[in-house]
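Coordinate-derived values only; no laboratory data. Since we're looking at a predicted model, the values are computed, not measured. Note that each Cβ is placed from the backbone with ideal geometry, even for glycine, and that neighbours are counted across all protein chains shown.
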Amino acid sequence: MNEEFVKLKNDLETLIDELEAENFFFEGQRLIIGCSTSEVIGQHIGKNSSMEAAGVIYDCLKDIKEKHGVHLMFQGCEHINRAVTMERKTLEASGYGEVSVVPHRSAGGSLSEHAYKQMDDAAVAEFVTADAGIDIGQTLIGMHLKHVAVPFRTDTKMVGQAMVTMARTRPKLIGGPRAKYNN
């Protein structure tokens with residue numbers, strides 16, 4: 001592994017350590033991942049997709065899945081309308097409708113393609129409602145988060161050369177000045 005991808009792996013491990021320290025992950029969590037591997041390697045989004053970066057990122061995220069029991073979901077690019085790749089059991093348990101598309105580097109992105117190939121029984125949905133998300137390279141995952149998304153801040157601001165943003169979700173606060181809420 002070259003120096004650039006060793007740094008990428010270290011950045012992700014540092015970010016994951018921070019998120020674990022804050023109990024960001026939980027059993028059964030539906031976690032949406034958006035990622036521009038182009039941005040990760042310092043290029044413009046959508047211009048230089050990297051299968052090697054995708055492999056490094058996927059391997060780190062797969063460790064989260066195994067350790068915390070989260071359901072990983074990978075957002076594709078706009079060329080497949082940001083459709084989401086996941087394991088079929090996640091799709092079925094969540095009641096998401098399957099669509100007929102196979103993500104690839106030029107329509108879906110490297111990470112979605114890599115995930116699709118690595119999963120035992122991959123499926124793709126058009127829309128999901130994730131409990132939390134990690135967005136690497138400003139891919140705009142908000143459309144796949146439950147209402148209400150709340151930014152989650154860490155000291156790690158970059159993964160590779162891409163900005164990273166995280167969010168959790170919480171139930172909507174409804175009512176008015178007399179309402180009481182569970183915290």
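Sort 141-147, 29-35, 18-24 by packing, meaning the average of other beta carbons within 10 Å per residue, with the highest value first.
29-35, 141-147, 18-24
How much length is gained if the chain between residue 63 and residue 172 is pulled fully straight, taking 0.36 nm per residue apart and subtracting their Cα-Cα distance, in nm to one decimal?
Additional length available on full extension: 36.1 nm.
Using the Karplus curve 6.51 cos²θ - 1.76 cosθ + 1.60 with θ = phi - 60°, work out ³J(HN,Hα) for each residue of the stretch 152-167 in order, rounded to whole Hz, and write x for Gly and Pro.
Karplus-based 3J(HN,Hα) across the stretch 152-167 equals 10, 9, 9, 6, 6, 10, 10, 10, x, 9, 9, 5, 10, 10, 10, 8 Hz.
Just tell me which lysines come within less than 22 Å, Cα to Cα, of residue 67; anything on the same chain fewer than 8 places away is out.
Reachable lysines: 9, 89, 117.
Test of the criteria: in the stretch 87-131, which chymotrypsin sites (Phe, Trp or Tyr not before Pro) are in a DSSP loop and have at most 14 other Cβ atoms within 10 angstrom of their Cβ?
Of the chymotrypsin sites (Phe, Trp or Tyr not before Pro), the ones in loops of the stretch 87-131 whose Cβ has at most 14 other Cβ atoms within 10 Å are 127.
Give me the extension gain from residue 22 to residue 3: residue separation times 0.36 nm, minus the current Cα-Cα distance, reported in nm with one decimal.
That works out to 3.9 nm of additional length.
Can you tell me, using C-alpha contacts under 8 Å and at least 6 residues apart, the relative contact order of the chain as a whole percent?
25
Within straight cross-link reach of residue 180, meaning Cα distance under 20 Å, which lysines are found once same-chain residues fewer than 8 apart are removed?
Result set, ordered by chain and number: 172.
Assign one of three labels to the stretch 1-93, namely rounded, prolate or oblate, based on the Cα gyration tensor with a ≥ b ≥ c the square roots of its eigenvalues; rounded applies when a/c is under 1.5, prolate when it is not and a/b is larger than b/c, and oblate otherwise.
oblate
If you wrap the stretch 68-150's Cα atoms in a convex hull and average its projection over all directions, what's the area in nm²?
For the Cα atoms of the stretch 68-150, the hull's average projected area reads 5.5 nm².
Note the listed values (1) 10.1; (2) 9.4; (3) 11.0, then indicate which one is mean projected area of the Cα convex hull in nm² calculated from this particular structure.
Answer by label: (3).
Can you grab the distance from the C-alpha centre of the stretch 157-179 to the C-alpha centre of the stretch 1-59, Å, no decimals?
19
Sorted from fewest to most neighbouring beta carbons within 10 Å, what does the list 50, 100, 106, 36 look like?
Taking fewest neighbouring Cβ atoms as first place, the list is 100, 106, 50, 36.
Considering amide H positions built from the backbone, and no H for Pro or chain starts, which residues 5 or more places from residue 169, or on another chain, come under 5 Å of its amide H?
Counting only residues 5 or more places away or on other chains, the set is 150.
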